[in-house]
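Here's the structure, in structure tokens; my notes come after.
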């Protein structure tokens, strides 16, 4: 990487934030595989896994909009630090129950519900950090640096977690994840920032949320783009997140699934080298196409499950994820004032995630009724249709990036 791509690390506050996020990502990349197979050790039912995963998604959706208002109202670094501490404790309890052999499905549901509630606040706070840490000209490099570093640790994470599941206990991967939350909280304690301009803040969190909702409607493109993301996130969460491990358990095993899913991180990592030289002009149309690319692994899961073929499909999906993340972040940073950023991200997050619990709960019964392969292919077909529809709407294609500074919020 050139020095210009590393230049955001010259800013101490960003450096602490960046290292903390990478450490956190290292644990999270292991936890997803470990939790799935911990549930399957207790119950072989896809529906049980759907309930555990949905337990995190439901409170995440319910509290996301208020979480964005809280993240815009309070110092974001402080909010993130507190969230990391709570998530670390919740994951430590999960690991202890799994390692001791005492874990039951309801235990995991309760702890995942707590984690989802905290994530509803930490997600919009995290997405609003880069603009207060770095000037405009450094932000594309920062987004790519974060994405590439996270993908680098994510390459080994799922594979190591799959190996631990196979030869030891998924609880060890969950314990490692718990430790990374605590390390990230410690690094965030070193981030010292002046308070941002909050002269337009309302008297209450509810008032701040209402102002954010009004601004999103004023922009026009936020809610349509987020509704498209809602469909894709639900499809991926159900078909790949819930049915994927079930299909893998019957074909390539936890080791094969870990290797294949880690390839998505490879795709993000490799794509970042090319994206550094890309100028995005029509970002939302490109995002629609990238969303469909993200769903490519469904084709393999629905036809012939082979470790190398599945790994290749996740590699392609990772490139799509890297591009859509960059395009969305650049769009929001250019079009949204800093003091409104977490609320707009939370509104996007709410619509993006709201259908995930429904898909996670529905995909198990659908697989039983029609077969897992047909469900995978059906989900991919829906993804292609939605991407084609979204990419041709003027409200999507009229959004252009010009490189202008973010607008100022009127008093």
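Quick notes
- Qualifying positions in region 76-116 - surrounded by fewer than 17 Cβ atoms within 10 Å (Cβ to Cβ) and outside any helix (DSSP H, G or I): 101, 102, 104
Quick grid of which residues meet (1) at pLDDT 95 or above; (2) buried (at least 23 other Cβ atoms within 10 Å of the Cβ):
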| position | (1), (2) |
| --- | --- |
| 345 | no, yes |
| 357 | no, yes |
| 360 | no, yes |
| 374 | no, no |
| 380 | yes, no |
| 384 | yes, no |
| 394 | no, no |
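- Test: residue in region 260-277 that is in a loop (DSSP other than H, G, I, E, B), under 25 Å from residue 173 (Cβ atoms) and without any contact (Cβ under 8 Å) to a residue 60 or more places away in the chain: no
- Condition check for residue 132 on (1) crowded, with 19+ Cβ neighbours inside 10 Å; (2) part of a helix (DSSP H, G or I); (3) touching a helix residue (DSSP H, G or I) at 6+ places or on another chain (Cβ under 6 Å): one failure, at (3).
- Unmet requirement for residue 331, which otherwise passes all of (1) surrounded by fewer than 18 Cβ atoms within 10 Å (Cβ to Cβ); (2) more than 30 Å from residue 301 (Cβ to Cβ): (1)
- Filter pass, residue 120 being in a helix (DSSP H, G or I) and buried (at least 23 other Cβ atoms within 10 Å of the Cβ): yes
- Subset tally (residues that are without any contact (Cβ under 8 Å) to a residue 60 or more places away in the chain and more than 23 Å from the chain's Cα centre (by Cα)) for region 101-122: 4
- Residue count for region 154-169, restricted to those that are free of Cβ contacts under 8 Å to residues at least 60 places away in the same chain and either buried (at least 24 other Cβ atoms within 10 Å of the Cβ) or in a helix (DSSP H, G or I) (or both): 1
- Residue tally, condition assigned to a helix (DSSP H, G or I), more than 17 Å from residue 98 (Cα to Cα) and either touching a residue at least 12 places away in the same chain (Cβ under 8 Å) or under 16 Å from the mean Cα position of the chain (by Cα) (or both), over region 13-46: 15
- Some residue of region 170-182 being outside any helix (DSSP H, G or I) and modelled with pLDDT of 75 or more: no
- Among (1) crowded, with 22+ Cβ neighbours inside 10 Å; (2) under 24 Å from residue 143 (Cα atoms), the one test that residue 367 misses: (2)
- Just one of the listed residues (317, 229) is part of a helix (DSSP H, G or I), surrounded by fewer than 24 Cβ atoms within 10 Å (Cβ to Cβ), at pLDDT 90 or above and touching a helix residue (DSSP H, G or I) at 6+ places or on another chain (Cβ under 8 Å), namely 229.
- Test: residue 280 is touching a helix residue (DSSP H, G or I) at 6+ places or on another chain (Cβ under 8 Å), under 24 Å from residue 400 (Cβ atoms), surrounded by fewer than 21 Cβ atoms within 10 Å (Cβ to Cβ) and modelled with pLDDT of 95 or more: no
The values are calculated or read from the model by the stated rules, or taken from the named source; none is laboratory data. Keep in mind that this is a model prediction, so the values were computed, not measured. Cβ sites come from the backbone with ideal geometry, for glycine too, and all protein chains shown count toward neighbours.
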